[in-house]
1. Please report, largest first and rounded to whole Å, the three semi-axes of the ellipsoid equivalent to the stretch 60-191, where each semi-axis is the square root of five times an eigenvalue of the C-alpha gyration tensor.
2. Tell me which of 295, 282, 247 sits at the most positive position along the dipole axis of the stretch 234-300, charges placed on C-beta atoms (Lys, Arg +1; Asp, Glu -1).
3. When the helices in the chain are scored as -39500 (n - 2.57) per DSSP H run of 4 or longer and the sum is shared across all residues, what 222 nm value do you end up with, to the nearest 500 deg cm²/dmol?
4. Can you order the peptides 260-267, 42-49 by their average number of other Cβ atoms within 10 Å per residue, highest first?
5. Within the stretch 155-190, list the residues whose amide N lies under 17 Å from a label point set 7 Å along Cα→Cβ of residue 116.
6. Which whole-number percent gives the relative contact order of the stretch 143-227, counting Cα pairs below 8 Å spaced six or more residues apart?
7. R0 = 45 Å: FRET efficiency of residue 236 with residue 24, Cβ-based, nearest 0.05?
8. Against the 2.2 N^0.38 Å scaling, with N counting residues, where does the chain land? I'd like the Cα-based Rg ratio to two decimal places.
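Readers should treat all values here as calculations from the given coordinates under stated rules, not as data from a laboratory. None of these values were measured; they are calculated from a predicted model. Neighbour counts are summed over all protein chains in view; Cβ atoms, including those assigned to glycine, are modelled from backbone coordinates with ideal geometry.
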Amino acid sequence: MSNEIMLERVESIMKSLLDEVEYDEVTRLFNTLSGGKRLRAKLIFKIANTHEDAPLLSAIVELIHAASLLHDDVIDDATIRRGVASVNATEDSKTAIMLGDILYSKGFSSLVAFDKDIAQCIADSVTALSKGEMMDVVMSESFNDDADLYLEMLYFKTATLIEAAAKSAAILEGKDASSYALYGKNLGLSFQIIDDILDIVSDTATLGKPALHDYVEGKCTLPYIYLYQDLNEQEKQKLKSLHKKELSSQESLWIKEKMNEHKSIERSFALAQELSNDAIAVVDDADLKVIIETMMKRSF
Ligand code: FPP
Ligand code: MG
């Protein structure tokens, strides 16, 4: 099955699962969502390409992912998602939360069609990503310069669902679950590091959301942590004083210039590259290599 046909299949399963809710408002709201990259669905298809249940598993994971983003936009007060206005902006936060609840529970109830180990793996990852979101919010309250703690949070928030997608697809297809889980984990971590880099180097139009926004929101992402390590005492205080503040264009420029000087973006990219290389090393699969390479080169 070609990528396009399989993605259409996933979209139509998601739609029919939501039609089962039998409430036009749900269908209407779901149709306003932009699909995004469907990275997790593509991954499941590549790993379990011959299995008849791969489309349903992909649809479940994408429903859970979409639900988590609906809730995340409420938590982050974000007005743009995947290049279009977020549901909390076009409707309101209550609607975004309720739609998220429907997507999430519909995905979960569909999990009963799968073996227990697959259902357990996906269910556990949702607890983990909820924990990661909570860690992210708590950590955003104050300045953080601990790279390991940051990477632990990233693992929970972003990598666990990708890890679970890869692992459950491997279980479905009878492949080695732990290798594919490791691939998914590293793909997820490097994916989020690239996301954090793009927040700094991209413009708003390309990104589909405001640029340089993470630090304003309080998120000390890897480039900021690396920059902090390399600054002198006075500069360290300046960077800290800008944390969680609306930045003037002069302040944004200072951060970018300092990151240039200390190669903070390059250092972050190097870690993403290292994780990607580790991911490729555990699975001998040309398609999965392409997924990683495409992800590393993305600009939004
Ligand atoms: C985006 O992070 C957020 C996530 C990847 C996970 C969000 C998880 C939850 C809200 C908990 C789970 C909830 C349900 C209903 C399953 P980000 O804010 O760093 O990225 P962004 O720039 O794309 O918003
Ligand atoms: Mg967010």
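1. Three semi-axes, in Å: 26, 21, 11.
2. Sorting the options by dipole projection puts first 247.
3. Theoretical 222 nm ellipticity from helices: -24000 deg cm²/dmol.
4. Highest-to-lowest ranking by the protection proxy: 42-49, 260-267.
5. 172
6. About 33 percent, as a whole number.
7. According to the calculation, E is roughly 0.25.
8. For the chain, the normalised Cα radius of gyration comes out at 1.01.
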